[in-house]
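Peer 1: Supplied in structure tokens, the structure appears directly below.
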Amino acid sequence: MIFSKEALTGEHILISGGCGALGLAIVKKLVECGARVTVNDVLSAEIAHERLAESDIPAEVVTYFQADTTSPAQVKSLLDHAEQVFGIVTTGLCHVGMVVSGSILNFDATCIVTGK
């Protein structure tokens, strides 16, 4: 399926695990279709910005925030940062590695960390 360059205009998408090979490809396509993207990962900001630049992702439509999404306090900081930069998040993509499959609504921080 092909999306128009404006298909995601006005959307603010947050993606966790967004600096790996697959995550970067997703971010690139999202911004090509008009979205503003908050990228999250556990990498340092320096490494994350290098990876985003190497992937030709325009800096003006992305923001990066380092956070461990198993920490509720860090998730709150991530969401606060995202909202300050681009406004309310309209879509969240949970792209971090998970050991157990299932609905994200059934996972809590303990389950994500331990896989139980």
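The values are calculated or read from the model by the stated rules, or taken from the named source; none is laboratory data. Just so it is clear, the structure is predicted and the values come from calculations on it, not from any experiment. Glycine also receives a Cβ, built like all others from the backbone with ideal geometry; neighbour counts cover every protein chain displayed. The area values use the complete protein model at the heavy-atom level, side chains included, leaving out ligands, DNA and RNA. Shrake-Rupley method; radii C 1.70, N 1.55, O 1.52, S 1.80 Å.
Residues are listed down the side, and each one gets a yes or a no for (1) free of Cβ contacts under 8 Å to residues at least 24 places away in the same chain; (2) open to solvent by 40 Å² or more (accessible area, probe 1.4 Å); (3) hydroxyl-bearing (S, T, Y):
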residue: G10; (1), (2), (3): no, yes, no
residue: S16; (1), (2), (3): no, no, yes
residue: L22; (1), (2), (3): no, yes, no
residue: V27; (1), (2), (3): no, no, no
residue: T38; (1), (2), (3): no, no, yes
residue: S44; (1), (2), (3): yes, yes, yes
residue: E50; (1), (2), (3): yes, yes, no
residue: A53; (1), (2), (3): yes, yes, no
residue: F65; (1), (2), (3): no, yes, no
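Peer 1: Go through (1) surrounded by 16 or more Cβ atoms within 10 Å (Cβ to Cβ); (2) more than 19 Å from E11 (Cβ to Cβ); (3) free of Cβ contacts under 8 Å to residues at least 40 places away in the same chain for V31 and report which single condition fails.
Peer 2: Every condition holds for V31 apart from (2).
Peer 1: Please go through the range 67-116 and give me each residue that is loosely packed, with under 14 Cβ neighbours inside 10 Å, of a type in the set (G, A, S) and modelled with pLDDT under 95, ordered by number.
Peer 2: Residues satisfying the conditions are S71, A73, G97, S101, G102, S103, A109, G115.
Peer 1: Of all residues in the range 1-24, how many are under 12 Å from the mean Cα position of the chain (by Cα) and at negative phi?
Peer 2: Residues of the range 1-24 under 12 Å from the mean Cα position of the chain (by Cα): 12-20, 22-24.
From the residues that got through so far, the ones that are at negative phi too are 12-16, 18-20, 22-24.
Summing the residues that are under 12 Å from the mean Cα position of the chain (by Cα) and at negative phi in the range 1-24 gives 11.
For every residue, the table says whether it meets (1) assigned to a strand (DSSP E or B); (2) at pLDDT below 95; (3) more than 15 Å from G92 (Cα to Cα).
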{"site": "K28", "(1), (2), (3)": "no, no, yes"}
{"site": "V31", "(1), (2), (3)": "no, no, no"}
{"site": "V37", "(1), (2), (3)": "yes, no, no"}
{"site": "N40", "(1), (2), (3)": "yes, no, no"}
{"site": "A53", "(1), (2), (3)": "no, no, yes"}
{"site": "I57", "(1), (2), (3)": "no, no, yes"}
{"site": "Y64", "(1), (2), (3)": "yes, no, no"}
